[in-house]
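Undergrad: I have a structure I would like to understand better, so I am pasting it below and will then ask my questions one at a time.
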Amino acid sequence: MGRNVPVDGLADAIMEGLEEYADLATDTMKKAVRHSAKTVKDEIEAHAPKDTGAYSKSWRASKQTETSTKLEMTVHSANRYHLLEHGHAKRGGGRVAARPHIAAAEEKGIRDLEDRIKEGLSG
């Protein structure tokens with residue numbers, strides 16, 4: 001694990017070690033983000049209201065941007081549904097009741113992401 005480095009090469013050896021760790025951390029983070037986005041999508045699908053099934057099947061986890069050090073993913077409905085989580089007003093009056101299912105999946109995804117990052121960087 002350790003290696004002997006002359007004093008005049010110490011800075012280069014430290015930079016090399018930091019670059020290796022940065023690459024490992026980036027790979028770990030990207031894997032964690034991909035997995036957590038899929039977890040959120042799967043949770044929403046599992047707990048979404050299922051009248052015809054189209055709503056629960058409409059959820060996607062999409063990559064927004066990716067660079068060498070960053071990955072952004074979004075979980076969204078391909079059909080742009082958005083009114084079921086908090087309810088909404090009906091056209092002729094009255095309200096459609098809220099059917100919460102997104103917030104719980106988001107919270108689970110956040111916990112999953114944190115756990116995977118901690119596990120990946122510590123082990």
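Undergrad: With +1 on the Cβ of every Lys and Arg and -1 on the Cβ of every Asp and Glu, and nothing else charged, how large is the dipole of the chain about its Cα centre, in debye rounded to the nearest 20?
TA: Here the chain has a charge dipole of around 1200 debye.
Undergrad: Could you look at the chain and say what percent of its accessible area is carbon and sulfur, using a 1.4 Å probe and all protein chains?
TA: Ligands and nucleic acids excluded, carbon and sulfur give 54 percent.
Undergrad: Separate question: Please list, in chain and number order, the residues 5+ apart from residue 99 or on another chain whose amide H is under 5 Å from its amide H, with Hs placed from the backbone.
TA: Correct list: 85, 86, 87.
Undergrad: Over 23 Å, how big is the tail of the calculated P(r) for the chain, in percent of all Cα pairs?
TA: 50
Undergrad: Can you tell me, using C-alpha contacts under 8 Å and at least 6 residues apart, the relative contact order of the chain as a whole percent?
TA: 26
Undergrad: Further question: Could you tell me which of 92, 62, 76 has its Cα farthest along the dipole of the range 46-123 towards the positive end, charges placed at Cβ (Lys, Arg +1; Asp, Glu -1), taken about the Cα centre?
TA: The residue sitting farthest along the positive end of the dipole is 92.
Undergrad: Sticking with this one: Accessible area per residue for the chain in Å², computed with a 1.4 Å probe and the full protein assembly in place, what is it?
TA: 74
The values are calculated or read from the model by the stated rules, or taken from the named source; none is laboratory data. Remember, it's a predicted structure, so these values are computed and weren't measured experimentally. Virtual Cβ from ideal backbone geometry, glycine too; neighbours counted across all protein chains shown. The area values use the complete protein model at the heavy-atom level, side chains included, leaving out ligands, DNA and RNA. Shrake-Rupley method; radii C 1.70, N 1.55, O 1.52, S 1.80 Å.
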